[in-house]
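Asks: The structure's right below; bear with me while I get my questions together.
The values are calculated or read from the model by the stated rules, or taken from the named source; none is laboratory data. This structure is a prediction, so every number in the text was calculated from the model and none was measured. Heads up, the Cβs are rebuilt from the backbone with ideal geometry, glycines too, and the neighbour counts pull from every protein chain shown.
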């Protein structure tokens, strides 16, 4: 197997919260298991792990550059972006282990800017209506563009955007169901 443990820490104002991490659209998205295994919001540290059980060259992340992990943060609404430096911690840098080698990647600092959105307004029209449910169905089943931000489509607050969100919106709009509750 091929394991990728990635310890990291972040800094910034007290209004920054790590929401999630994802390998979608990255060089390691094909790995069988991945996720945050430790998150400490008090010391602003976490460890992400991804494991591939494939054999041979299919299991490897070859030499090259490119995105391997996306980190998603929430910030309190502010008028300007917040710098979020990402570094290793406790003397440990993110490491990649392979059958024949190990190497340390270069971390790239980023910034977080608040995105104001209405929960359930998946199509960005400014209102929660049946068009949002249709937009979600097209996104889920026809590979059309996702909601921006993706969280605006998580109407049922499950943490995922799926057909349950479209159903939730239909109940909200037509059956006086509960208000959308984005994750």
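Asks: Which one of these does residue 2 not meet: (1) surrounded by 12 or more Cβ atoms within 10 Å (Cβ to Cβ); (2) closer than 26 Å to residue 182 by Cβ; (3) modelled with pLDDT under 65?
Replies: Checking residue 2 against (1) surrounded by 12 or more Cβ atoms within 10 Å (Cβ to Cβ); (2) closer than 26 Å to residue 182 by Cβ; (3) modelled with pLDDT under 65, the one that fails is (2).
Asks: Something else about it: Residue 160: at positive phi, loosely packed, with under 13 Cβ neighbours inside 10 Å and either more than 21 Å from the chain's Cα centre (by Cα) or in a loop (DSSP other than H, G, I, E, B) (or both), yes or no? Please lay out each step first, then the result.
Replies: On the way: at positive phi: no; loosely packed, with under 13 Cβ neighbours inside 10 Å: yes; either more than 21 Å from the chain's Cα centre (by Cα) or in a loop (DSSP other than H, G, I, E, B) (or both): yes.
So residue 160 does not fit the description; no.
So that you can scan it fast, the table gives a plain yes or no per residue for (1) at pLDDT below 80; (2) within 24 Å of residue 159 (Cβ to Cβ); (3) surrounded by fewer than 17 Cβ atoms within 10 Å (Cβ to Cβ):
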site	(1), (2), (3)
32	yes, yes, yes
36	no, yes, yes
46	no, yes, no
56	yes, no, yes
67	yes, yes, yes
73	yes, yes, no
76	yes, yes, yes
80	yes, no, yes
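Asks: Would you tally the residues in region 146-169 being more than 17 Å from residue 22 (Cβ to Cβ) and in contact with a helix residue (DSSP H, G or I) (Cβ under 7 Å, 6 or more places away or on another chain)?
Replies: Total satisfying the criteria: 6.
Asks: Please determine whether any residue of region 94-117 is modelled with pLDDT of 70 or more and surrounded by 15 or more Cβ atoms within 10 Å (Cβ to Cβ).
Replies: Looking through region 94-117, at least one residue is modelled with pLDDT of 70 or more and surrounded by 15 or more Cβ atoms within 10 Å (Cβ to Cβ).
Asks: Does region 14-21 contain any residue that is part of a strand (DSSP E or B), more than 19 Å from residue 72 (Cα to Cα) and at pLDDT below 80?
Replies: no
Asks: I'm told residue 182 meets every condition in (1) buried (at least 16 other Cβ atoms within 10 Å of the Cβ); (2) at pLDDT 90 or above except one. Can you identify the failing condition by its number?
Replies: The single condition residue 182 does not satisfy is (2).
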